[in-house]
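The next block holds one structure in the form of structure tokens; read it before the comments.
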Amino acid sequence: TMFRLNEQIFNQFQQWQSAAQNAFFNGIPGLGGRASMDAREREYVFTVEMQAFSPKDIHVDVSRQSLHIVAETHAQERHARIERMFALAQDSDAKAARARFSQGVLTVTVPRAEPTSRQSWRLDVQNA
């Protein structure tokens, strides 16, 4: 029946979605891809495991709103690609972000911006 077909499609979609989420957060064995974000007092730290890649394979783009990481390699007739995108908090200082790759792990640190000027202030009224 139509109800059963819809139910099967929905269940298959849920399985695919679960597998996709698992791959995003836990990565793919031997390739990497496990991602995490740690909000600290002075900075945000993003890490992505990338065992199958070298620094020349990794591209990191940052804007005021997002962090976009792409790693791609064509080694030994094998194509591998990992792509991760993170939304940045409003207090992120994207211009001061830095990336480091060590022992198969990419770490991107985005400092928290100093608080901008106040939103409002009181004016002294001068006698004319």
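Coordinate-derived values only; no laboratory data. Keep in mind the model is a prediction, meaning the values are calculated, not measured. Because the Cβ atoms are built from the backbone with ideal geometry, glycine has one as well, and the counts that use them run over all protein chains shown.
Quick look at the values:
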quantity	calculated
Separation of the W121 and S54 label points, Cα + 7 Å toward Cβ, nm	5.3
Local net charge near H79, Cβ-Cβ under 14 Å (Lys/Arg +1, Asp/Glu -1)	-2
Where GluC sites (Glu not before Pro) fall in DSSP loop in segment 34-128, at most 10 other Cβ within 10 Å	E41, E77
Residue-wise HN-Hα coupling along segment 67-82, computed from phi with Karplus coefficients 6.51, -1.76, 1.60 (Hz; x: Gly, Pro)	10, 10, 10, 10, 10, 8, 9, 10, 9, 6, 6, 10, 9, 10, 8, 10
